[in-house]
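Here's the structure, in structure tokens; my notes come after.
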Amino acid sequence: DLDHPRSLPTGTMNEDQVQKQIEQMVKFIRQEAVEKAREIHVKAEEEFNIEKLRMVEAEKARIRAEYERKEKDIEVTKRISQSNHVRAARLNILSERQVQLNNLKEDAQKRLTRLVQSDKYASLLESLIVEGLIRLEGTKVSI
């Protein structure tokens, strides 16, 4: 029976030695636990930093994509605006051209009306007919 002090084998430890050995074992186990806790903490810190870096890089990529999209939107808006300005300028030019053509037409009509009413009209018609016949190149025509 091992519970009885007389039954201890020879060379066994006394109560103080057992207590010291238990304390050493507890100290060893605690030291192992502290080291294991430190390893776990270091590993958790590394994993945290890796995940944080991954998240930061993902957010940077998202921000870059958003910036590029906005930049393209601004460029499209700019091109549309520029196209609208060019179109408006062309419309102004066409409108002004039409006004000038109308003015020219009115002026020509007024001059033609005065010319028809003048004494020089018959002479002008004869000169124009002769010029037209000359262009016909030798075709015989009588007036």
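Residue-by-condition table, conditions (1) surrounded by 10 or more Cβ atoms within 10 Å (Cβ to Cβ); (2) among the aromatic types (Phe, Trp, Tyr); (3) within 30 Å of LEU124 (Cβ to Cβ):
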residue	(1), (2), (3)
ASP16	no, no, no
GLU35	yes, no, no
GLU46	yes, no, no
GLU66	yes, no, no
GLU75	yes, no, no
LYS78	yes, no, no
ASN84	yes, no, no
ASN103	yes, no, yes
* Asked: In the range 89-130, how many are within 54 Å of the chain's Cα centre (by Cα) and β-branched (Val, Ile, Thr)?
  -> 2
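Bear in mind that the values in this text are calculations on the coordinates, not laboratory data. Just so it is clear, the structure is predicted and the values come from calculations on it, not from any experiment. Reconstructed Cβ throughout: ideal geometry from the backbone, glycine too, with neighbour counts over all protein chains shown.
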